[in-house]
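The values are calculated or read from the model by the stated rules, or taken from the named source; none is laboratory data. Because the structure is a prediction, the values reported are computed rather than measured. Backbone-built Cβ (ideal geometry, glycine too); neighbour counts: all protein chains shown.
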């Protein structure tokens with residue numbers, strides 16, 4: 001499945017009147033690992049994608065998205081919150097099967113970074129809610145203080161390995177979101193303009209409604 005993902009990224013895909021494709025592909029640290037440098041046609045570098053195809057029963061496949069920029073070549077390209085982000089996350093998530101993992105850097109995603117720094121559950125952030133909508137149900141924030149970073153800040157999202165795992169993930173997620181919303185309610189006051197926690201709390205309420213219907 002991930003071999004087809006690599007092929008699709010090399011061939012490119014159309015989104016919002018432009019084309020995103022790998023300008024360069026090279027082998028990673030292991031034979032099962034492939035790196036791609038994605039560019040937006042006419043604008044330049046967009047991001048790096050690392051694809052690990054897995055090895056036997058012991059090492060599950062995963063994909064990592066990092067080095068994200070908003071190219072400014074012959075045309076200004078909006079990534080965060082735009083159609084390119086939506087399309088790329090979908091392209092990367094779709095071929096990942098049960099227990100598949102996606103790592104996404106949020107180094108340039110200020111809203112997500114600020115919400116996480118202030119204690120919002122990963123799934124309630126701008127980025128996390130998008131990944132939940134793509135079928136991921138388990139999340140981890142990989143953040144290390146200065147000097148202890150492993151590839152920079154990133155959000156890990158994992159698809160459930162089974163229906164039982166999905167139920168466990170959603171149960172834990174419900175507890176996290178309910179505690180977050182309750183804490184926001186107890187400390188309620190007029191939120192500051194563009195408060196990332198206020199936006200995260202609203203997403204958390206919507207996610208709780210979705211989980212309750214499942």
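Residues 116, 89, 110: which one is touching a strand residue (DSSP E or B) at 6+ places or on another chain (Cβ under 8 Å), within 24 Å of residue 205 (Cβ to Cβ) and surrounded by fewer than 22 Cβ atoms within 10 Å (Cβ to Cβ)? Even if it seems obvious, please write down each step before you answer.
On the way: 116 fails: surrounded by fewer than 22 Cβ atoms within 10 Å (Cβ to Cβ); 110 fails: touching a strand residue (DSSP E or B) at 6+ places or on another chain (Cβ under 8 Å).
On inspection, the qualifying residue turns out to be 89.
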Single match in 118, 60, 24 (criterion: out of contact with any helix residue (DSSP H, G or I) (no Cβ under 7 Å at 6 or more places or on another chain) and modelled with pLDDT under 95): 60
Residue under evaluation residue 138, criteria (1) surrounded by fewer than 21 Cβ atoms within 10 Å (Cβ to Cβ); (2) at pLDDT 95 or above; (3) touching a helix residue (DSSP H, G or I) at 6+ places or on another chain (Cβ under 7 Å), criterion not met: (1)
Scope region 55-65; condition crowded, with 16+ Cβ neighbours inside 10 Å and either part of a strand (DSSP E or B) or at positive phi (or both); matching residues: 62, 63, 64, 65
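Quick grid of which residues meet (1) at pLDDT below 95; (2) out of contact with any helix residue (DSSP H, G or I) (no Cβ under 6 Å at 6 or more places or on another chain); (3) on the phi < 0 side of the Ramachandran plot; (4) crowded, with 16+ Cβ neighbours inside 10 Å:
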{"position": "149", "(1), (2), (3), (4)": "yes, yes, yes, no"}
{"position": "153", "(1), (2), (3), (4)": "yes, yes, yes, yes"}
{"position": "163", "(1), (2), (3), (4)": "no, yes, yes, no"}
{"position": "168", "(1), (2), (3), (4)": "no, yes, yes, no"}
{"position": "175", "(1), (2), (3), (4)": "no, yes, yes, no"}
{"position": "178", "(1), (2), (3), (4)": "no, yes, yes, no"}
Complete set of residues in region 1-21 that are surrounded by fewer than 17 Cβ atoms within 10 Å (Cβ to Cβ) and touching a helix residue (DSSP H, G or I) at 6+ places or on another chain (Cβ under 7 Å): 8, 13, 16
Residue check, residue 103 at pLDDT below 95 and either crowded, with 17+ Cβ neighbours inside 10 Å or outside any strand (DSSP E or B) (or both): no
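Could you please give the count of residues in region 71-86 that are in a loop (DSSP other than H, G, I, E, B) and buried (at least 16 other Cβ atoms within 10 Å of the Cβ)?
Initial filter on region 71-86 (in a loop (DSSP other than H, G, I, E, B)): 71, 73-75, 77-82.
Next, only the ones that are buried (at least 16 other Cβ atoms within 10 Å of the Cβ) stay: 71, 77, 79-80.
The qualifying residues number 4.
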Scope region 20-40; condition more than 21 Å from the chain's Cα centre (by Cα) and part of a strand (DSSP E or B); matching residues: 23, 24, 25, 26, 27
Filter pass, residue 111 being in contact (Cβ under 8 Å) with a residue 12 or more places away in the chain, farther than 21 Å from residue 49 by Cα and part of a helix (DSSP H, G or I): yes
